[in-house]
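Notes follow once the structure below has been shown.
Values quoted throughout were computed directly from the atomic coordinates according to the rules given, and no laboratory measurement underlies them. These figures come from a predicted structure and were not determined experimentally. Cβ coordinates were reconstructed from backbone atoms using ideal geometry, including for glycine residues, and neighbour counts include every protein chain displayed.
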Amino acid sequence: MNRLKVVFMGTPDFSVPVLKGLIDNYNVVGVVTQPDKEVGRHKELSFSPIKKLALEHNIKVVQPEKVRIEFNDILKLEPDIIITCAYGQIIPVEILDYPKFGCINVHASLLPKYRGGAPIHHAIINGEKETGITIMYMAPGMDDGDIISQEKVEIKENETLGELHDVLSNLGAKLLLETLPSIINGTNKRIKQDESKVTFAKIIKKEDEIIDFNDKALNVHNKIRGLSPFPGAYGVLNNKRIKIYKTKVIKDSSNTEPGTIIKVEKDGIYVKTKDNAIVIEELKIEGKKLMSVKEFLNGVKKEELLNQKFGKE
């Protein structure tokens, strides 16, 4: 095992394979993650996935509320290199300037496209055909450091956020381990980002989850799969939010008003859009579990759904 002193900064499931790879190959002396959260009615403390993994390996965990002012415990670990992946806070220059081999970030896009906190969501929502992983030096700005290495992946036609998330998470771990030796021995590339090609991937907000059936069918489909399984895109039917997780696009040339249910079959609920239609295959009604349309229709009469229209809250 390489005795290089590594500090890892990350929080969600996405960063778990990256930390696992580092633990197996390097001397991880500390993990920095977001503070524990209270969840549920009983307000039980919940650890981040990264904290759970660190504790399993007896690695010191640091959880600053605001890392920009609470960074001394991180510097006391005397890291030779800091690796970040989906940490969730802006890293101050006091940390960026400390390690001998710098601060390295694993980012889930092909920078300079999709800087920000939700790159996988937006790549799918925008109908991109490819995305990938970027290994980069961190800088004071958001995801604007020099690129060291990148690897592309195809985004499949009906691939969901959850599916692509797992692909990129594992790719991030692989590419990082392939890239680290060149960083340590000083033979790595250092490519400036082209600022003229920068796009941003802002964090998904509540208002971004609502489906606009007045849009084109492909755009509706892309939005649904780009928010599946989290946080989930939804439409409103009979004053109830219905989260939709799986769809497909079909041709429909009727003049029916967008948002109208034009057909109900065992394989799906057909909804008119601006130009064609989508077929809903998996959904979740408020207070109930995720289910296939076949399961949903067990307690619903098809004729009661036909011609109903998705509206606004």
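The table below lists the values:
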{"read-out": "Size of electric dipole in region 14-58: Cβ of Lys, Arg +1 and of Asp, Glu -1, about Cα centre, debye, nearest 20", "value": "140"}
{"read-out": "About the Cα centre, charge dipole magnitude for the chain (Lys/Arg +1, Asp/Glu -1 at Cβ), debye", "value": "540"}
{"read-out": "Where N is the number of residues in region 206-305, Cα Rg divided by 2.2 N^0.38 Å", "value": "0.98"}
{"read-out": "Helix 16-25 axis, angle to the chain major axis (alpha carbon atoms, nearest 10°)", "value": "30"}
{"read-out": "Summed side-chain charge close to Gly21 - residues other than Gly21 whose Cβ falls under 11 Å, Lys, Arg +1, Asp, Glu -1", "value": "0"}
{"read-out": "Over 19 Å (Cα to Cα) - which of Lys205/Lys289; Lys223/Lys288; Lys240/Lys301; Lys37/Lys202 fall in this group", "value": "Lys205/Lys289; Lys223/Lys288; Lys37/Lys202"}
{"read-out": "9 Å beta-carbon shell around Leu77, net charge (K/R +1, D/E -1)", "value": "+1"}
{"read-out": "The chain - mean residue ellipticity at 222 nm from DSSP helices (-39,500 (n - 2.57) per run, n ≥ 4, rounded to 500)", "value": "-6500 deg cm²/dmol"}
{"read-out": "Selection from His42, Pro99, Ile74 lying farthest towards where the dipole of the chain points positive, charges on Cβ", "value": "His42"}
{"read-out": "Calculated P(r) tail over 28 Å for the chain, as whole % of Cα pairs", "value": "47"}
{"read-out": "Highest-first arrangement of 147-154, 279-286, 297-304, where packing means the average Cβ count within 10 Å", "value": "279-286, 147-154, 297-304"}
{"read-out": "Between 0 and 90°, nearest 10: helix 161-185 axis offset from the chain longest Cα axis", "value": "20"}
{"read-out": "Listed pairs Lys129/Lys189; Lys251/Lys274; Lys156/Lys251 exceeding 18 Å between Cα atoms", "value": "Lys129/Lys189; Lys156/Lys251"}
{"read-out": "GNM result for the chain, Cα springs below 10 Å: residue of Asp13, Asp143, Asp24 fluctuating most strongly", "value": "Asp24"}
{"read-out": "Residue-count net charge about Leu290 - beta-carbon cut-off 10 Å; Lys, Arg +1, Asp, Glu -1", "value": "+3"}
